[in-house]
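Worksheet: one structure, shown below.
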Amino acid sequence: MTESPLLSVRDLSVRFRTGGGHVRAVDGVSFDVRRGETLAVLGESGSGKSVTAQAVMGILPKPAGEIAGGTIVYDGRDLLAEDPNRVRRLRGDEIAMVFQDPLSSLNPVFRVGWQIGEMFRRHRGASRRAARAAAVELMERVGIPAAARRVDDFPHQFSGGMRQRIMIAMALALRPRLLIADEPTTALDVTVQAQIMRLLADLRREEGMALVLITHDLGVVADVADRALLMYAGRAVETGGIREVYDHAAHPYTRGLMASIPDLDGPRERLTPVRGAPPNLLALPSGCSFHPRCPHATDRCRADDPVLRAVDGRPAEHRAACHHAEEVVAGERERV
Amino acid sequence: MSANGSEPLLSVRDLHTTFPLRSALLRRVTGHVQAVAGVSFDLRRGETLGLVGESGSGKSTLARTVIGLERAASGTVTFDGRELTSASPAELRAARRDVQMIFQDPYSSLNPRRTAGQIVAEAWEIHPGVVPRSRWRDEARDLLARVGLDPSHADRYPHQFSGGQRQRLGIARALALRPKLVICDEAVSALDVSIQAQVLNLLADLQADLGLTYLFIAHDLSVVRHVSDRVAVMYAGRVVELAEQEEIFRRPTHPYTQALLSAVPVPRPWSQPPRERILLTGDVPSPADPPSGCRFRTRCWKARDECAEVEPALEPRLGLHPSACHFAELPAAHR
Amino acid sequence: MTDTLTDLGRRPAAPVPEPAVRSRSKPGSGRIRFASAVIGLYVLVAVFGPWLVGYDPVATSTGDRLLPPGSRTEDGSLAIFGTDQVGQDLLAQVFQGARISIAVGVATLLLAGLIGVTVGVVAGWYGRWLDGALMRLADVQLTFPSILLAIFIAALLGPSVVNVVIVLAISNWVTFARVARSQVLVTKNRDFVDATRTLGARSWHLVRHCVLPACAAPVLVVATVEIGHVILAEASLSFLGLGTPSSSPSWGVTIANGRNYLGDAWWISTIPGICLALLVVSFGLLGDALRDRFDPKLKNL
Ligand SMILES: Nc1ncnc2c1ncn2[C@@H]1O[C@H](COP(=O)(O)OP(=O)(O)OP(=O)(O)O)[C@@H](O)[C@H]1O
Ligand SMILES: Nc1ncnc2c1ncn2[C@@H]1O[C@H](COP(=O)(O)OP(=O)(O)O)[C@@H](O)[C@H]1O
Ligand code: SF4
Ligand code: SF4
Ligand SMILES: [Mg+2]
Ligand SMILES: [Mg+2]
């Protein structure tokens, strides 16, 4: 663990200006992404996953959104302090991103080969011919059949899964060292989702790049992720090795999410969902913002905001933001 | 009518629904999309039939045809002993009171300009005599409470509710006419997992209390397994396998069902014996130009010449449930 | 393929909508407040002005001809805006003109809106050949110059306020029809319309409860944008002698009367001209601001 992480985010806060006041969409989130590893960022809608990714990529919607604090250090360089132009180039070359909706992120009026080739022409100064050849190669690489024939097709001529492959091809064009994928399979069918996840896992292994996988679906990433980061209402509430977190969840929210998922095997029991709904970010509950939904909540939870900390008796890497993490791990029955 | 308990509540026979394909420029009809291509099934009173399949396989079109939002090209839909495809508009309207639908998108399925109370009461406005006007307010509040909403929120507009609450509101609206059959078209697909679980529990409670029959459409197999008594698997406009829930998940015999099941992500893969993953290649065929014979053959790893020539019928195979594959066999683990 | 968007399977609901997160300083608030104040003033003047400062269309007072703004008339009263070529007080005329111009504008919009929304809703809702036929009719209408129509009707029926309203309504319904139709097309495929249909609703119920309310905001926006045009068009017609008769002197009539005296008495044409311009600009401003707020999609109408 002496090697410095590839990406190190510390105390990141992002706020949005809205009519009702400032919303802290991301509030003091810290995490590392090590070289070559896969980090899964999990959480329900609105928990701040995408905003975190947008902050790292420098694509927060302006002027509504702004970074309110914290640092983002990539490979020893502070992205928030350095010259914006150099950072922009770095973000194109070394950090790439894949979005949820592959149709709206591709330009409908340009041929896909041209769009992939654009990366080489712009960033590498490649000739048209070389760029086109490289595009075909990449399309083959991401598993598009008959790539040489389809390189001149338009985005709408591809299915959703194929378009997502094209997006991945574009992201991979410059051989990034960090790929951030925001819900890359949410718009896709299960069979296609399985193909894309397999593709991402293979590419990560072969290219040795680090991968940040953002999703709300705890099942999708279990196979491929090394570590997990769970977010709730803009906070990181639990982090650790993925098996450790899934098998010994120390935060009641993580437990609640796991219990909400219907199983493919095992008995068909009544589900035990997390009660209530996520809070309004403009009026966060006092203390632990999960307390109105938490079966373990005590007076302390209503007063003190828990910090992300190591859980006694678990590996040091496993951290949870809960006053009663130890009891939760011990599997104490819910006090209702 | 002849509504005795043993006959099915809904009976669909050889249903076809097609959409014209028009050229972009002259809007001339250039072909037809067979969105539903010969579907038959029965729905028993009080049961939940799950309908799964990839997007574009025709699940929504099937549901919309059953409920009369699309016109069937051929085939019959018999509800509670009444044949609907040939019914008069008045008969249809009467029958429709008994069949209601819950939509996927909790944002677009509620009229943004009506309050929660008005949305629930709209059905009584349309069918005078079901509930007298003087009782609308109280009945609407009862219904809101029934689906877990705060009755004092009856005067709020949809945008003032969260996604899960809106879906509850959609459920309340569907229940206003005390239907016998409720079609849930991806009713929980747009919800976050914790909210999805709450809504699934609500649907189960309502079924137990009101004796509802559900046609439950979803593409999430874990959800379908959780709620269904029987499951139909659709592919490219046809039902390819139909069986009791246990059977479909334990002993699928159609290659497509097997592939679908193996693609379902498992939350804790390490806690299970390693699964054989079947990764399908290729895409769903265009419904405007489906393959000859078996529609799955362009992606099927078992396809042979016969599959291109003879369309496999949906009939019991291997002494088990109906499956539309010439070479139906149990998954490797069972052999 | 068409369904992949609605079937975004496990796409979770968009961030929980919290009404409070709505923006408070909505776009265009300043513009809306300013334009509304100006328009409100005009409306007050149109309603109460002629009542305060009486206007008699046949009275003439040769001694008071062409008095510049601020002069005293023979009977000693102050002519703030001066007088015209027959010695009429210009202020009274401008007040009366405001009443006529605004009344013509509102009446025209009501009529054009009624025709346009009806046509648009019918075309959009029933679609197919009816849609084709009605929209071709609209295209024909657009290519037909309204001046020609005005000459026609003025020649046929003689000039009158009612005829001006008819001419202007016929020239203006198309915009309403287009907006209403596009709104119907968007709305009629929304899930909530299908949901209401499954409750057993007939077309009339669906149009009344689902479609018309959805048309209201864009139609209002269009009306605000159009009313300026209509008032201007009325002035142009009147200026050309095809509009309101001189017994009901709209601003256009007064401007036309003053055009022969531009050298000696600039105020006769200029003052109503400024009043007209200010009102038209205010409506334009308000319309644009409302459009930005409610319906940015209507940008290029
Ligand atoms: N442009 C914006 N203006 C104002 N608030 C915003 C904006 N973008 C995001 N937010 C708010 O920031 C919070 C976090 O949003 P974010 O998109 O990161 O959620 P997410 O975890 O990615 O959810 P999902 O699973 O729905 O993608 C939400 O409360 C959202 O409403
Ligand atoms: N109104 C329509 N016009 C033309 N094609 C349609 C229409 N509705 C659905 N389709 C087509 O019918 C097929 C089945 O669609 P649908 O029933 O929505 O599938 P599912 O609900 O299983 O995702 C798809 O190919 C879809 O593109
Ligand atoms: S700190 Fe308290 S309220 Fe928060 S998650 Fe832990 S037990 Fe629940
Ligand atoms: S009939 Fe042939 S192509 Fe179709 S599923 Fe069976 S083996 Fe595959
Ligand atoms: Mg997101
Ligand atoms: Mg569907």
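The values are calculated or read from the model by the stated rules, or taken from the named source; none is laboratory data. All figures in this text were calculated on a predicted structure; none of them were measured in a lab. Quick reminder, even Gly has a Cβ in these numbers, built from the backbone with ideal geometry, and neighbours come from all protein chains shown. For the accessible areas, the whole protein counts, side chains as well, though only heavy atoms, and no ligand, DNA or RNA atoms are used. Shrake-Rupley method; radii C 1.70, N 1.55, O 1.52, S 1.80 Å.
Note that region B:268-280 has calculated 3J(HN,Hα) couplings of 10, x, 6, 8, 10, x, x, 9, 7, 9, 9, 9, 6 Hz, one per residue in order, obtained from phi through the Karplus relation 6.51 cos²θ - 1.76 cosθ + 1.60 (θ = phi - 60°); glycine and proline are x.
Contact order, relative form, for chain C: 23 percent (alpha carbon pairs under 8 Å, 6 or more residues apart, mean separation divided by residue count).
Take every Cα pair under 8 Å whose residues are at least 6 apart in sequence, average their separation, divide by the length of chain B, and the relative contact order is 19 percent. FRET efficiency for the pair B:Phe19 and A:His123, taken as 1/(1 + (r/R0)^6) with r the Cβ-Cβ distance and R0 = 45 Å, rounds to 0.55.
The accessible-area ordering, largest first, of the residues A:Asp83, A:Asp93, C:Asp264 stands as C:Asp264, A:Asp83, A:Asp93, per a 1.4 angstrom probe. Amide H contacts for A:Met231 (H built 1.01 Å from N in the peptide plane; partners 5 or more residues away or on another chain; cut-off under 5 Å): A:Leu42, A:Gly43, A:Val237.
Between C:Arg208 and A:Val307, the simple label model (points 7 Å from Cα in the Cβ direction) yields a spacing of 6.4 nm.
Label reach from B:Val29 (point 7 Å along Cα→C-beta): in region C:101-145, amide nitrogens under 16 Å belong to C:128-129. To the nearest 0.05, what FRET efficiency results for B:Ser292 and B:Glu246 with a Förster distance of 41 Å applied to their C-beta separation? Between B:Ser292 and B:Glu246 the formula returns 0.75.
Taking a point 7 Å from the Cα of B:Ala145 along the Cα-to-Cβ direction, the residues of region B:193-218 with backbone N closer than 18 Å to it are B:206, B:209-210. Which angle from 0 to 90°, rounded to the nearest 10, does the C-alpha axis of helix B:116-126 make with the longest principal axis of chain B? Tilt relative to chain B: about 90 degrees. Per-residue 3J(HN,Hα) values for region B:128-140, derived from phi via the Karplus relation 6.51 cos²θ - 1.76 cosθ + 1.60 with θ = phi - 60°, read x, x, 6, 9, x, 3, 5, 9, 3, 4, 5, 5, 4 Hz in sequence order (x marks Gly and Pro). Taking the chain by itself as reference, region C:179-212 contains these residues with an accessible-area loss of 30 Å² or more in the full protein complex (1.4 Å probe, heavy atoms): C:Arg190, C:Asp191, C:Phe192, C:Asp194, C:Ala195, C:Arg197, C:Thr198, C:Leu199, C:Gly200, C:Arg202, C:His205, C:His209. Heavy-atom accessible area for B:Cys307, with the other protein chains in place and a 1.4 Å probe, reaches approximately 10 Å².
Residues of region A:198-246 that bury at least 20 Å² of accessible area once all protein chains are present, compared with their chain alone (1.4 Å probe, heavy atoms only, ligands and nucleic acids left out), are A:Arg198, A:His216, A:Asp217, A:Gly219, A:Ala222, A:Asp223, A:Arg243, A:Tyr246.
Provide the FRET efficiency to the nearest 0.05 for the C:Ser61-C:Tyr261 pair, computing r from the beta carbons and using R0 = 25 Å.
0.95
I'd like the interface area for chains A and C: accessible area of each alone minus the complex, both sides summed, 1.4 Å probe, protein heavy atoms only. What is it in Å² to the nearest 100? Mind dumping the intermediate values first?
On the way: alone 16490 and 16630 Å², together 31740 Å².
Chains A and C together bury approximately 1400 Å².
Show me the ranking of peptides B:242-251, C:201-210 by mean Cβ neighbours inside 10 Å, starting with the highest.
Working: B:242-251: 19.2, C:201-210: 16.6.
Ranking the peptides B:242-251, C:201-210 by packing returns B:242-251, C:201-210.
Applied to region A:4-12, the Karplus parametrisation 6.51 cos²θ - 1.76 cosθ + 1.60 on θ = phi - 60° returns per-residue 3J(HN,Hα) values of 6, x, 6, 10, 9, 10, 10, 6, 5 Hz, with x for Gly and Pro.
Mean sequence separation of contacting Cα pairs (under 8 Å, at least six apart), scaled by the length of region A:7-225, corresponds to a relative contact order of 26 percent.
Compare A:Asp153, A:Asp11 by solvent-accessible area with a 1.4 Å probe and give them largest first, with all protein chains kept in place. Spell out each step's value before the answer.
On the way: A:Asp153 35, A:Asp11 95 Å².
Reading off the accessible areas and sorting them downward yields A:Asp11, A:Asp153.
Going from the isolated chain to the complete set of protein chains, region A:19-46 loses at least 40 Å² of heavy-atom accessible area (1.4 Å probe) at A:Gly19, A:Glu44, A:Ser45.
Interface area, chains A and B: about 3600 Å² of buried accessible surface, summed, with a 1.4 Å probe and ligands, DNA and RNA left out. Of the accessible area of the protein assembly as shown, computed with a 1.4 Å probe over protein heavy atoms only, carbon and sulfur atoms account for 55 percent. For the residues B:Val284, B:Val131, B:Val39, a GNM of chain B with alpha-carbon springs under 10 Å puts the largest fluctuation on B:Val131. Under a 5 Å amide H cut-off, with hydrogens placed 1.01 Å from N, B:Gly38 pairs with B:Leu15, B:His16, B:Thr17 among residues at least 5 apart or on other chains.
For A:Glu66, A:Glu37, what's the largest-to-smallest order of accessible area, 1.4 Å probe? Please list the in-between numbers first.
On the way: A:Glu66 75, A:Glu37 15 Å².
Descending accessible area places them as A:Glu66, A:Glu37.
With the simple spin-label model, which puts each label point 7 Å out from Cα in the Cβ direction, the A:Ser286 to C:Ser29 separation comes to 3.1 nm. Using the 1.4 Å probe convention, the accessible area of region A:7-225 works out to 39 Å² per residue with neighbouring protein chains retained.
Put a dot 7 Å past the Cα of A:Arg35, heading toward its Cβ, do the same for B:Ala94, and the two dots end up 7.8 nm apart. Tilt of helix C:128-143 relative to the longest C-alpha principal axis of chain C, in degrees (0 to 90, nearest 10)? The angle comes out at about 20 degrees.
Computed from Cα atoms, the angle from the helix A:112-124 axis to the main principal axis of chain A rounds to 90 degrees. Proximity of backbone amide H atoms, modeled 1.01 Å from N, is registered between B:Asn111 and no other residue at under 5 Å, excluding neighbours fewer than 5 places apart on the same chain.
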